[in-house]
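Have a look at this one.
Just so it is clear, none of the values below were taken in a lab; they were calculated from the coordinates. Since we're looking at a predicted model, the values are computed, not measured. Counting neighbours? That spans all protein chains shown, and the Cβs are built from the backbone with ideal geometry, glycine included.
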Amino acid sequence: MIRVTRRYHFPAAHVLRHPSFSDAENERVYGKCANPAGHGHNYGVEVTVAGPVDEGSGRVVDPDALDAIVSRRVIARFSHRLLNEDAAFARLVPTAENLARVVHDELLAPISRLGAARLARVRVLETRKNSFAYGDPE
């Protein structure tokens with residue numbers, strides 16, 4: 001089995017606040033990220049698929065097909081948006097951890113329809129210091 005990782009980028013904003021927390025509790029838990037005005041990131045997203053190499057093409061997955069899925073299901077949905085306003089975050093605080101899970105869940109079915117490849121992992125890079133992975137361990 002071979003693992004293939006493609007990288008994507010999009011800018012988006014979020015406010016880290018839990019609706020049942022007081023202002024003081026939100027500030028304690030999320031620090032400056034709890035600012036109601038929000039803040040933005042230039043997110044990186046790595047999508048890793050795993051599977052056998054196709055004998056005909058010599059590839060695990062068609063990169064153009066994968067790019068089209070990610071563009072339609074992730075980039076178009078989240079780029080230049082306030083994540084808090086997306087339906088996926090109606091009951092979730094839009095942390096990078098939750099963003100990784102949401103992106104993974106959004107890509108799981110469409111990638112499975114590409115052939116023998118399966119979605120192995122989604123990694124969200126929020127800052128130079130922070131990245132968050134959801135899916136198979138390395």
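Restricting the first residue to the range 35-60 and requiring it to be of a type in the set (Lys, Arg), which pairs with a second residue that is surrounded by 14 or more Cβ atoms within 10 Å (Cβ to Cβ) and outside any loop (DSSP other than H, G, I, E, B) meet a Cβ separation below 9 Å and a spacing of at least six or different chains?
Matching pairs, first to second residue: 59/4.
Let me ask you something else. Going through 101, 118, 81, 59 one at a time, which residue ends up being under 13 Å from the mean Cα position of the chain (by Cα), surrounded by 14 or more Cβ atoms within 10 Å (Cβ to Cβ) and of a type outside the set (Val, Ile, Thr)? It would help to see each step written out before you state the result.
Numbers: 118 fails: under 13 Å from the mean Cα position of the chain (by Cα); 81 fails: under 13 Å from the mean Cα position of the chain (by Cα); 59 fails: under 13 Å from the mean Cα position of the chain (by Cα).
The unique qualifying residue is 101.
If we scan the range 55-63, do we find a residue that is within 28 Å of residue 138 (Cα to Cα) and part of a strand (DSSP E or B)?
Applying the first criterion (within 28 Å of residue 138 (Cα to Cα)) to the range 55-63 yields 55-63.
Next cut, part of a strand (DSSP E or B) only: none.
Looking for residues that are within 28 Å of residue 138 (Cα to Cα) and part of a strand (DSSP E or B), one finds none in the range 55-63, hence no.
Also: If you check residue 126 against the conditions, is it closer than 22 Å to residue 13 by Cα, touching a residue at least 60 places away in the same chain (Cβ under 8 Å), surrounded by fewer than 20 Cβ atoms within 10 Å (Cβ to Cβ) and among the acidic types (Asp, Glu)? It would help to see each step written out before you state the result.
Values: closer than 22 Å to residue 13 by Cα: yes; touching a residue at least 60 places away in the same chain (Cβ under 8 Å): yes; surrounded by fewer than 20 Cβ atoms within 10 Å (Cβ to Cβ): yes; among the acidic types (Asp, Glu): yes.
Taking the combined requirement at face value, the residue satisfies it.
Just checking, how many residues over the range 97-129 are part of a strand (DSSP E or B) and either farther than 30 Å from residue 21 by Cβ or not aliphatic (A, V, I, L, M) (or both)?
Taking the range 97-129 as the starting set, the residues that turn out to be part of a strand (DSSP E or B) are 118-125.
Among the residues that remain, those that are also either farther than 30 Å from residue 21 by Cβ or not aliphatic (A, V, I, L, M) (or both) are: 118-121, 123.
Going through the range 97-129 one residue at a time, the tally reaches 5.
Among 81, 118, which is touching a residue at least 12 places away in the same chain (Cβ under 8 Å) and either in contact with a Pro (Cβ under 6 Å, 6 or more places away or on another chain) or under 21 Å from residue 133 (Cβ atoms) (or both)? I'd like the intermediate steps shown before the answer.
On the way: 81 fails: either in contact with a Pro (Cβ under 6 Å, 6 or more places away or on another chain) or under 21 Å from residue 133 (Cβ atoms) (or both).
Step by step, each of 81, 118 is checked, and only 118 is touching a residue at least 12 places away in the same chain (Cβ under 8 Å) and either in contact with a Pro (Cβ under 6 Å, 6 or more places away or on another chain) or under 21 Å from residue 133 (Cβ atoms) (or both).
Let me spell it out: the conditions are (1) assigned to a helix (DSSP H, G or I); (2) closer than 17 Å to residue 131 by Cβ, and residue 94 meets all of them except one. Which number is the exception?
(1)
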